[in-house]
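Asks: Dropping a structure here in structure tokens format, bear with me for questions.
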């Protein structure tokens, strides 16, 4: 008997509106006992908390994604901080920098990234980070506003290189592994880097509805928390680790980061 924790999913996406009960049931049947439902806009944060209040084992995070940084203001941040005081909100994020498509200007992304780091520190919440093509700027901001304050967090959907991984680990961050690790060509580098991550820093996630792992991606486009089991099994294979032993490690890693009682389930 194992417990799995999908450390990052977006069940607040409208794509689950019609079959949420069935999605949750399939997760339970796959031994997924807990899920972190991640907010990226004010409305999805509200929806994440609604779901967490409806389904046992679900938790919520609040935050503004870098794509939406231009829409953030002081009033919105204050409202999110109010939501974040709910006992089922166990993290701040998804926040960070994304200079790939530049849906928000760099200045806005950096300003509200720093402000959200400060908010999370005020509330003593771990952070869920997004980084894409920031050319080192993400790490510069973290070094200046994060490490010295004793904050905790996870780099979600890690797909970087060894140098970036080492920098994240030096900051004390956890590393979120998605279904990319299961994909033969795309996941090759990630599979090479997974053994470099200390066992007490690894988390598994789906990022549902995105990044459906193999073999499920051959059957359905939409990812869901039940499929985190495929991510977990691939990580166990890469690490040559007994699945039950690894499941226990990952469970305590995730519960510890999100301040969830691991014996509650």
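For every residue, the table says whether it meets (1) touching a strand residue (DSSP E or B) at 6+ places or on another chain (Cβ under 6 Å); (2) in a loop (DSSP other than H, G, I, E, B); (3) under 20 Å from residue 128 (Cβ atoms).
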| site | (1), (2), (3) |
| --- | --- |
| 189 | no, no, no |
| 203 | yes, no, yes |
| 208 | yes, yes, yes |
| 217 | no, no, no |
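Asks: Within the range 122-146, restricting attention to residues that are more than 18 Å from residue 106 (Cα to Cα) and within 19 Å of the chain's Cα centre (by Cα), which residue is modelled with the lowest pLDDT?
Replies: The qualifying residue modelled with the lowest pLDDT is 146.
Asks: Could I ask something else about it? Would a scan of the range 151-171 turn up a residue that is at pLDDT below 95 and at positive phi?
Replies: Within the range 151-171, none of the residues are at pLDDT below 95 and at positive phi.
Asks: State all residues of the range 85-131 that are crowded, with 20+ Cβ neighbours inside 10 Å and outside any strand (DSSP E or B); if no residue qualifies, say none.
Replies: Once the filter is applied, which keeps residues that are crowded, with 20+ Cβ neighbours inside 10 Å and outside any strand (DSSP E or B), the range 85-131 yields 104, 109, 112, 113, 116, 117, 119, 120, 125, 126.
Asks: Assigned to a strand (DSSP E or B), in contact with a helix residue (DSSP H, G or I) (Cβ under 9 Å, 6 or more places away or on another chain), closer than 27 Å to residue 260 by Cβ and in contact (Cβ under 8 Å) with a residue 24 or more places away in the chain - does that describe any residue in the range 74-81?
Replies: Within the range 74-81 (the criterion being assigned to a strand (DSSP E or B), in contact with a helix residue (DSSP H, G or I) (Cβ under 9 Å, 6 or more places away or on another chain), closer than 27 Å to residue 260 by Cβ and in contact (Cβ under 8 Å) with a residue 24 or more places away in the chain), the answer is no, since none of the residues qualifies.
Asks: If you don't mind, there's one more thing I want to ask. Identify the single condition in (1) part of a loop (DSSP other than H, G, I, E, B); (2) out of contact with any helix residue (DSSP H, G or I) (no Cβ under 7 Å at 6 or more places or on another chain) that residue 28 does not satisfy, given that it satisfies every other one.
Replies: Of (1) part of a loop (DSSP other than H, G, I, E, B); (2) out of contact with any helix residue (DSSP H, G or I) (no Cβ under 7 Å at 6 or more places or on another chain), only one is false for residue 28: (1).
Asks: Residues to consider are 242, 200, 207; find the one that is surrounded by fewer than 16 Cβ atoms within 10 Å (Cβ to Cβ) and within 17 Å of the chain's Cα centre (by Cα).
Replies: Sole residue among the options that is surrounded by fewer than 16 Cβ atoms within 10 Å (Cβ to Cβ) and within 17 Å of the chain's Cα centre (by Cα): 200.
Asks: Got a number for residues in the range 43-73 being within 15 Å of residue 113 (Cα to Cα) and part of a helix (DSSP H, G or I)?
Replies: 6
Asks: Now a separate question. Just to be sure before I move on: is residue 236 outside any strand (DSSP E or B), in contact with a strand residue (DSSP E or B) (Cβ under 7 Å, 6 or more places away or on another chain), at pLDDT 95 or above and surrounded by 13 or more Cβ atoms within 10 Å (Cβ to Cβ) in the structure I sent?
Replies: Considered against the rule, which asks whether it is outside any strand (DSSP E or B), in contact with a strand residue (DSSP E or B) (Cβ under 7 Å, 6 or more places away or on another chain), at pLDDT 95 or above and surrounded by 13 or more Cβ atoms within 10 Å (Cβ to Cβ), residue 236 comes out as no.
Asks: Same structure again: Condition first: surrounded by 16 or more Cβ atoms within 10 Å (Cβ to Cβ) and either modelled with pLDDT under 95 or closer than 24 Å to residue 34 by Cα (or both). Now tell me which residues in the range 64-84 satisfy that.
Replies: Answer for the range 64-84, where residues must be surrounded by 16 or more Cβ atoms within 10 Å (Cβ to Cβ) and either modelled with pLDDT under 95 or closer than 24 Å to residue 34 by Cα (or both): 64, 65, 80, 81, 83, 84.
The values are calculated or read from the model by the stated rules, or taken from the named source; none is laboratory data. Quick caveat: nothing in here was measured; it's all calculated off a predicted structure. In this analysis, Cβ positions are derived from the backbone assuming ideal geometry, glycine residues included, and neighbour counts consider all displayed protein chains.
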